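Encoded as structure tokens, the structure appears first; notes follow it.
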Amino acid sequence: MEPSIACTISAVSGEGGLGLASLVGAMVTPGFTDAKFFTRLGAKWVGFVPVRFPRGMRFADLFHGHDERIPIDGLAWGTEVLAEVVTRTCG
């Protein structure tokens, strides 16, 4: 991940008086996405899925289960963060 993108993600997710601190780093996952096919064309990819969970709600309990879900307000927050990161990164 390019340092400028990581800094932008960290800054945006910590703004807005939310009192959130964000640590951003690279991670390798055992799965894959369609991104590997576009990499051959020279595209660069950053996996970034911002979602805010209430204190005490465990992501692992909700992810890829029979009742997979995320909080609606957490999705709304994540959409705003993602839009701002894209705006600042791409102009």
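Inspect all residues belonging to segment 13-35 and state whether any of them is hydrophobic (A, V, I, L, M, F, W, C), at pLDDT 85 or above and either part of a loop (DSSP other than H, G, I, E, B) or under 18 Å from Ala76 (Cα atoms) (or both). Before the answer, list the steps.
Initially, segment 13-35 is screened for residues hydrophobic (A, V, I, L, M, F, W, C), giving 18, 20-21, 23-24, 26-28, 32, 35.
This time we only want the ones that are at pLDDT 85 or above, so: none.
No, segment 13-35 contains no residue that is hydrophobic (A, V, I, L, M, F, W, C), at pLDDT 85 or above and either part of a loop (DSSP other than H, G, I, E, B) or under 18 Å from Ala76 (Cα atoms) (or both).
Can you find a residue in segment 74-87 that is out of contact with any helix residue (DSSP H, G or I) (no Cβ under 6 Å at 6 or more places or on another chain), over 18 Å from Glu15 (Cα atoms) and either among the small types (Gly, Ala, Ser) or part of a loop (DSSP other than H, G, I, E, B) (or both)? Looking for residues that are out of contact with any helix residue (DSSP H, G or I) (no Cβ under 6 Å at 6 or more places or on another chain), over 18 Å from Glu15 (Cα atoms) and either among the small types (Gly, Ala, Ser) or part of a loop (DSSP other than H, G, I, E, B) (or both), one finds none in segment 74-87, hence no.
Does segment 66-89 contain at least one residue that is modelled with pLDDT of 85 or more and in contact with a Lys or Arg (Cβ under 6 Å, 6 or more places away or on another chain)? Looking for residues that are modelled with pLDDT of 85 or more and in contact with a Lys or Arg (Cβ under 6 Å, 6 or more places away or on another chain), one finds at least one in segment 66-89, hence yes.
The values are calculated or read from the model by the stated rules, or taken from the named source; none is laboratory data. All values derive from a computational prediction rather than experimental measurement. Because the Cβ atoms are built from the backbone with ideal geometry, glycine has one as well, and the counts that use them run over all protein chains shown.
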